[in-house]
1. Determine, from the Cβ-Cβ distance of A340 and R309 and an R0 of 30 Å, the FRET efficiency 1/(1 + (r/R0)^6), rounded to the nearest 0.05.
2. Less than 19 Å from a label point 7 Å out along the Cα-to-Cβ axis of F239: which backbone N atoms in the range 463-483 qualify, by residue?
3. Label T279 and N147 with points 7 Å out from Cα along Cα→Cβ: what is the distance between them in nm?
4. Rounded to whole Å, give me the distance from the Cα center of the range 119-160 to that of the range 284-361.
5. Which residues in the range 74-97 have a backbone N closer than 16 Å to a point placed 7 Å from the Cα of F33 along the Cα-to-Cβ line?
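Computed from the coordinates by the stated procedures, all read-outs in this text should not be read as laboratory data. In this text, all values refer to a predicted model and were calculated from it rather than measured experimentally. We place every Cβ from the backbone using ideal geometry, glycine too, and count neighbours over all the protein chains shown.
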Amino acid sequence: MPTDATSSREARPGSARVVARVFWIVTALFVLFILAASLLPYGSELTLVPPERRSFLALPDEAFHAHDLRDIATNVLLYLPLGLFLGVAMSGRRLRFLSPALLAGPALSLVVEIGQGFIGRTSDLIDVATNSTGHVIGLALAVIAINRLGLRPAHLIGMHDPANGADDDATARARTVAAVRFIYLCVYVVVALLPFNISVSLSSIYAQLVPDDTGTQLIIVDPLHHFRHWPSGSWGLLFAFLGLVPVGLLTALSDGLRRRFNIVGPVLVCVVAAIAVETIKLFNLSRSTDVSTVILAVLAGLAGVAGARLWLGLQHPAPTVTNVRARNGLACIVYALFLALVSWYPYSFETDIWTIVAKIRHEANWLPFRAHFSVRSLASAIDLVKETGLFVPFGLLGALFLRSARGGKERSDVARRSGATNDTARVGISRRAVYALVCGGCLAYAGLLELTQAMCIGRFVDATDPILAACGGVAGVALTRLLSTGRSTPE
């Protein structure tokens, strides 16, 4: 007779074990990332705490006033993914917020802060508090998304969830997309609150309407303000637009998977998110509130709808396999050109070949993450996310092209179950091969773009970006099945 442990292992689906193993590996890798960012001597002091206050037992109020609020914001963002990954890794059982996982972030932060005291870095309780805050927020989002909103971790890595039958698999994937949108919106709100320079004083809020000594106005109620001061502030508008595009895209994809595609929903969600975030920024004395963001939200919603229609349209069966390959290949090429245009901005190029060679030899950063870890800031964190996120669509399109080019392993498995001959049911590109090819392609193409950036004035070569591009490509491949309509393989 089998023991209770054997019965529980047999009762647990194999795919659930794979999902847990994958996310435990991701969690472990992210812990190594945190240790590298916090303990490796990359060369510069990361806080503004003066030497006389470098005490781990400093009073919290003294330590807080000695800190840069931007550094506090970075600490929160650094540990937020840890809570998310750990929560998803533990989702095989009934995930609870009040669990040992809640102590993982504070424990890791405490170990890091003690270790920093031995390498000449700053150690204090405020870092432990802010790191723990980020971890708790991430774990809370994972608990809500999994237990309340129906997020299925198996769908996030491209696997079928055995808890759902084939009939409601599309609905379950739509719920997962909606849960991912919820997580993204919550992180978007947290970023709007950073660096927690919050005030409810009406006089302080009103003072933001008046430009300061540098001419900076934190509350902009004139939608034509940026046109009068162009191109100053154009980057802020671009980041606001790009930050809202995923909201519209995820909303449109969730509707598309449920076969109730519409335009009003994504636009409305983007507008509501923009109004909520800009209202929050009114109370944040370190962030600017701009009425133009609400107008950009409409455009972001429409861009999300267009992106979702393009993605869903690429999966429709075509009359011939060649047409499918050509269409998906063209989409990859167009997006590759878009990445090149982003990399070469602002399109000012060096004309001296020896200047380019000297820049590659002496000014390039060949040690991954050195530039980001040496100066930990909110801009560095945003740059890491941006470089990774830019290649997620490239991974999606690349996986779609490879599977349409050779039929894909999923199609051959279906053909075998239907009794097809060996010639008809030939094995196409396996899932592992798709991951390897997309990862290698993103790494090579991003490396090429980095080398070409040596020709751009004001741009430099950084070995970190190809690594982030490969991670984004792998994430795109993993999301292919989640965002698939089930019609991506031509018959």
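1. Numbers: r = 24 Å, r/R0 = 0.80.
Calculated transfer efficiency: 0.80.
2. Once the point is set 7 Å along Cα→Cβ of F239, 465 turn out to lie under 19 Å by backbone N, inside the range 463-483.
3. 2.8
4. 29
5. Answer for this model: 74-89.
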